[in-house]
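Here's the structure, in structure tokens; my notes come after.
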Amino acid sequence: MNRRTLLSLLGASPALLASRPAETEQAPSPAKATKAAAPSPKVEGLNPKGTPPPIQLIPMARRLDSLNGKTVWLVDTGFEGGGMLLEQMRLWFNQNMPTVNVIFRRKAGPYMEDDPVLWKEIKDKGDAAIMAVGH
Amino acid sequence: MPTTPIVTQAFRDLAILNVAKRGMPNLRITFTPHPVAAKTPAQLHAYVEGNDPVSGKPMMKEIVEALTVPLRADEEKTGLVEVSVGPVKYGPDTAKNLQQFYHDNAMTDFLPILIPTEEEVGEMLEGTSHPPDEVVGKMAGGAYPPWSYTVKQVAINAVMAGCKPEYFPTVLAIASSGTPSLMSSTNSFAYAAVINGPIRDKLNMNYGIGALGPFAQPNAAIGRAWTLVSRNLANGGVPGDTYMGSQGNNLNYNNLIIAENEAASPWVPLHVQKGFKAEENVVSLFRGLGIVPGQGARGTSTDTPKYEEQFSDLFSVFTGFFGGLVVADPLIAANLKERGYDTKDKLIDWLYKNTTQTVKDYKSRDFAYGFDYPRALKGLEPYKTWYAMPDDAVIPRWPHRDDINVVVLGGQTNAFFQGGSLSYTVSVSIDKWT
């Protein structure tokens, strides 16, 4: 690091190294500083966003006429507490809608992993599903 | 099959936006109070017997109706919906007003940006031989389908971040990885990029004194560009939508940009460990929770400075879910080499064998419950074996030896080191984007 750079770190002007003050380093005169500012130019800025994919609308499955006599799967996604919440729902169905056959299952793998084996089993053996919990 | 999701109240906006982006904007969602975790059965029973806090309706009645009330016409819609992100340009207006416009529309990190005019972006595009309309990659901000982006779209963000054209290939390499630096998780993630090769000197990157501080334009601007790329090109970092980190992470401003101090290191640089040649320019990405400093340089005393033990002590407070990244000053690296660690691999072997935990401590961690336990149930190792062991059994801190990485960084003013709770994800060629 040379002396000029070192002095700049101290906040001192490199002009200190010169044999006499460098006029170009001096502050502008008050007259120059109070000169009226020109209007700011106008510019255009580009949109920085990426390109989202289109959304394919998916129709919801036809609803059941009733849950009476139907098999409802309670699926635990794996977030902490979800299984306990679903257990309370199972108890609610037993008490309030005893004709509903309730099956509890925790999906395989962490919450963000798909579980196609379970989805197929539910489609084959069930009538409806409740998934919990999105936390 | 009729299906209905149960979501906690804190995730209302996320749930509504998520199902809309996935094509079911009217999906019938029932909400519970938040949180569900760490509640007693009695408390959860009260949730079930109570009302949906969003709709105010009895929760179980709402669930039953979600599965049985006939569909409305808008719930049976099909078709393709295009999504607009607005006009190609904003203005004309003053730079000051445009600056505020970008802030107001959350397209910045809320620090001043350089307005991305056609002229500025054109100059940035001179930094690569790739055509402006070439698709660079896709990136998902949150748990949504990914957005795509071109070379020009990346250039716009590089301008905003304050990059020079010569930095652009590195930004493109990061963008091409599809790795966002803003993670949707409720944990507040941090990201790191290790840059290796001659480009570090070509760009005047700082890998000496204060390398991780705000003391060099390429380190600062490249890291900032990664965040703006994640924000704008992937729609990441929208609190309540694509970002749910409870506390946030200050490192997200410009991430950890680590230009490894290859000249002062006694070991092969990281990119060579990952299979690249020394003369190649490469960026390697890491993801995790952050980085913490060691507790002072015992090596300055006359005692034998067992740095490997200090590293291990530091990592003993980390979750092993993320990898361990040792960031060691060259003074430490030289000392370790003198003491027999003539390769990074020897140090990694020692750390893997000697940084341990009990099964009880392991199981107590949130990440173990949410990620490793389900893997154990699926029979994946080592999780299956670990979950079958007694609580007082001692197991490695990390599932795999490769979870540990070492880089050398710093100006040798202090035998200083830091430890990252950071997992290696991918290495990308920068040269490909020149």
Counted residues, the range B:358-374 - those being at the interface with chain A (Cβ under 7 Å from one of its Cβ atoms) and at pLDDT 90 or above: 0
Unique residue being crowded, with 17+ Cβ neighbours inside 10 Å and either more than 11 Å from every other protein chain (Cβ to nearest Cβ) or outside any loop (DSSP other than H, G, I, E, B) (or both) when the list is A:ILE122, A:ILE103: A:ILE122
Subset of the range B:30-43 [crowded, with 21+ Cβ neighbours inside 10 Å and within 8 Å of chain A (Cβ to nearest Cβ)]: B:THR32, B:VAL36
Matching residues in the range B:343-388 - criterion: being β-branched (Val, Ile, Thr), over 25 Å from B:ASN187 (Cα atoms) and under 25 Å from the mean Cα position of the chain (by Cα): B:ILE348
Residue among B:LYS89, B:LYS61 that alone is modelled with pLDDT of 95 or more and either surrounded by 16 or more Cβ atoms within 10 Å (Cβ to Cβ) or more than 8 Å from every other protein chain (Cβ to nearest Cβ) (or both): B:LYS61
Criterion: away from chain A (no Cβ under 14 Å) and in contact with a helix residue (DSSP H, G or I) (Cβ under 8 Å, 6 or more places away or on another chain) - qualifying residue of B:PRO382, B:PRO396: B:PRO396
Residues of the range B:306-333 that turn out to be touching a helix residue (DSSP H, G or I) at 6+ places or on another chain (Cβ under 9 Å) and within 8 Å of B:GLY419 (Cα to Cα), as a count: 4
Every residue from the range B:148-175 that is outside any helix (DSSP H, G or I) and under 20 Å from B:LEU285 (Cα atoms): B:SER148, B:TYR149, B:CYS163
Residue within the range B:221-229 that is under 26 Å from B:ALA10 (Cβ atoms), buried (at least 24 other Cβ atoms within 10 Å of the Cβ) and either among the basic types (Lys, Arg) or touching a residue at least 12 places away in the same chain (Cβ under 8 Å) (or both) present: yes
Residue among B:LEU314, B:LEU233, B:LEU270 that alone is touching a Gly at 6+ places or on another chain (Cβ under 6 Å) and surrounded by 24 or more Cβ atoms within 10 Å (Cβ to Cβ): B:LEU233
Matching residues, the range B:127-158, being more than 8 Å from every other protein chain (Cβ to nearest Cβ) and under 22 Å from B:ALA20 (Cα atoms): B:LYS138, B:ALA140, B:GLY141, B:GLY142, B:TYR144
Some residue of the range B:237-250 being closer than 21 Å to B:PRO116 by Cβ and touching a strand residue (DSSP E or B) at 6+ places or on another chain (Cβ under 7 Å): yes
Sole exception among (1) out of contact with any Pro (no Cβ under 9 Å at 6 or more places or on another chain); (2) in contact (Cβ under 8 Å) with a residue 40 or more places away in the chain; (3) more than 24 Å from B:LEU251 (Cα to Cα); (4) of a type in the set (Val, Ile, Thr) for B:VAL64, by number: (2)
Residue ranges of helices (runs of 4 or more DSSP H) in the range B:265-380 with at least 3 members touching a residue at least 40 places away in the same chain (Cβ under 8 Å) and within 27 Å of B:PRO180 (Cβ to Cβ): B:270-273
Only one of B:ASP74, B:ASP109, B:ASP13, B:ASP104 that is more than 7 Å from chain A (Cβ to nearest Cβ), over 30 Å from A:LEU74 (Cα atoms) and touching a residue at least 24 places away in the same chain (Cβ under 8 Å): B:ASP109
Leading residue by the ranking (nearest to B:THR108 (Cα to Cα)) among those in the range B:159-182 that are out of contact with any Leu (no Cβ under 8 Å at 6 or more places or on another chain) and within 12 Å of chain A (Cβ to nearest Cβ): B:PRO180
Single residue of the range A:62-82 satisfying the filter (modelled with pLDDT of 95 or more and over 18 Å from A:TRP119 (Cα atoms)) that is farthest from the other protein chains (Cβ to nearest Cβ): A:GLY69
Members of the range A:84-100 found to be more than 8 Å from every other protein chain (Cβ to nearest Cβ) and charged (D, E, K, R), listed by number: A:ARG90
Residues within the range B:112-159 that are within 23 Å of B:ASN254 (Cβ to Cβ) and hydroxyl-bearing (Ser, Thr, Tyr), tallied: 3
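The values are calculated or read from the model by the stated rules, or taken from the named source; none is laboratory data. What you see is a predicted model; the values in this text were computed from it and never measured. Backbone-built Cβ (ideal geometry, glycine too); neighbour counts: all protein chains shown.
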